[in-house]
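Enquirer: One structure, as structure tokens, below. Some questions next.
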Amino acid sequence: MESISFLGFLSLLLTLTSFSSRAEARAFFVFGDSLVDNGNNDYLATTARADSYPYGIDSPTHRATGRFSNGLNIPDIISEQMGAETTLPYLSPQLTGERLLVGANFASAGIGILNDTGVQFLYIIRMYQQLLYFQQYQQRLSALVGADQAKQIVNDALVLITVGGNDFVNNYYLVPFSARSRQFALPDYVVYVVSEYRKLLMRIYELGARRVLVTGTGPLGCVPAELAMRSRNGECSEELQRATNLFNPQVAQLLNQLNREIGSDVFVFGNAFDMHMDFVSNPGAYGFVTSKIACCGQGPYNGIGLCTPASNLCPNRDIYAFWDPFHPSERANRIIVQTIMTGSTKYINPMNLSTLLAVDSRT
Ligand SMILES: *[C@@H]1O[C@H](CO)[C@@H](O)[C@H](O)[C@H]1NC(C)=O
Ligand SMILES: *[C@@H]1O[C@H](CO)[C@@H](O)[C@H](O)[C@H]1NC(C)=O
């Protein structure tokens, strides 16, 4: 009898330690577009892929990983800061067993809040589909750890969602006289997009997310692609800056509203515009030689077309704010995540991520 109770005690101990080690590595779920896609599109029939040289040139393998970066992207660096493994793309065949506990990345380059954003990329994982996959993930997690534990893991997780930029650059402003721009004046379009965003965010909440970092869009008018297409003297495109300046404050307001309705700080707004604008308007202060010219690309500002093996490529990626015509370099991503971690409420509201992680570890 004594040996049985000793075994019982031992198994209790083991259960407790396995729970506590799981609690340390908080799960992380990522939704959105190419700024946070870490390889899902490599599994899909789409042109929106970062699957060849020189993408990933500064990654440990120096090979393309599906990330739209020379190395790491924002979710990777957030995982690093949380002391967690990098999440796998949801479509990766390696995402099985214990790896499910780390979380998953559902993001897909080219998508927007609206279903008709990014239609030119054919097969991409639109937001509603990312949420269906999140449901499917939870069923798979339940099969692994049981329904109660699965629910707990999702409730305790950190969620990142980065979407919206494509609803402007790959929809409203994709071509002159686009269908959406004929249907809506810009201010009305923004109101519509934000009303659709509300539905997606409420759905993420219903699916169990309780800590959701929502980044607005960066300065869309200042990326090398837009400078190449719309700028005469290197000044940011006014139209796209106007779109960003309408969209971001409405997203911030929406998150406040949702938090009030829910009665808790579920949604945290990351002001990607201000986070970028600091180094876009004063690149030298951040160790960049330029924030206008992409490291990889061609044409004015290296902003025309895609980054391919035939493109111009800068020798030192760390001194470029933009890696390709649309996406920040790994070093710029590190500056952004540093602000997410420790920035003031001007950048991240109602609290920064280091405060959030500390608060949650106490409860
Ligand atoms: C997007 O498509 C899905 C599936 O067809 C649909 O359920 C959803 O309502 C659509 N969303 C919008 C904003 O049209
Ligand atoms: C952000 O995080 C730092 C800790 O790194 C903290 O000292 C600071 O008070 C926080 N700022 C705000 C505005 O919450």
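Each value in this text was obtained by applying a stated rule to the coordinates, not by laboratory testing. The structure displayed is predicted, hence computed values, not measured ones. So basically every Cβ, Gly included, is an ideal-geometry build from the backbone, and we count neighbours across all protein chains shown.
Enquirer: Whole-Å semi-axes of segment 192-238's equivalent ellipsoid, largest first, each the root of 5 times a Cα gyration tensor eigenvalue?
Expert: 34, 11, 7
Enquirer: Mind pulling the angle between the C-alpha long axis of helix 330-342 and the longest principal axis of the chain? Nearest 10 degrees, somewhere in 0 to 90.
Expert: Orientation of helix 330-342: about 60 degrees from the principal axis.
Enquirer: Could you tally the net charge around G305, taking each other residue with its Cβ under 14 Å from the Cβ of G305, Lys/Arg +1 and Asp/Glu -1?
Expert: Once positives and negatives cancel, what remains is -2.
Enquirer: Would you mind calculating the gained length between Y192 and R99 on full extension (0.36 nm times residue separation, minus the Cα-Cα distance), in nm to one decimal?
Expert: Between Y192 and R99, full extension yields 29.7 nm more.
Enquirer: For segment 228-297, which trypsin sites (Lys or Arg not before Pro) are in a loop by DSSP, counting at most 12 other Cβ atoms within 10 Å?
Expert: Passing both the DSSP loop test and the Cβ count: R232.
Enquirer: Which net charge results for the neighbourhood of A109, defined as the other residues with beta-carbon distances under 13 angstrom from its beta-carbon, given Lys and Arg at +1 and Asp and Glu at -1?
Expert: Its environment carries a net charge of -2.
Enquirer: At a temperature of 37 °C and a viscosity of 0.692 mPa s, determine how fast the chain diffuses translationally according to Stokes-Einstein, using the Kirkwood radius over alpha-carbon pairs as Rh; express D in µm²/s, rounded to the nearest whole number.
Expert: It diffuses with D of about 156 µm²/s by this estimate.
Enquirer: What is the mean projected area of the alpha carbon convex hull for segment 126-283, to one decimal in square nanometres?
Expert: With the hull built on Cα positions only, its mean projection is 10.8 nm².
Enquirer: Would you list, by chain and number, the lysines whose Cα falls below 28 Å from the Cα of K199, excluding same-chain residues fewer than 8 positions away?
Expert: K151, K346
Enquirer: Assuming a viscosity of 1.567 mPa s and a temperature of 4 °C, what translational diffusion coefficient in µm² per second does Stokes-Einstein assign to segment 260-341, Rh being the Kirkwood radius over Cα pairs?
Expert: Once the numbers are plugged in, D ends up at 94 µm²/s.
Enquirer: Report the one residue of G297, N105, A147 whose Cα lies farthest in the direction of the positive end of the charge dipole of segment 26-362 (charges on C-beta: Lys and Arg +1, Asp and Glu -1; origin at the Cα centre).
Expert: Farthest towards the positive end: A147.
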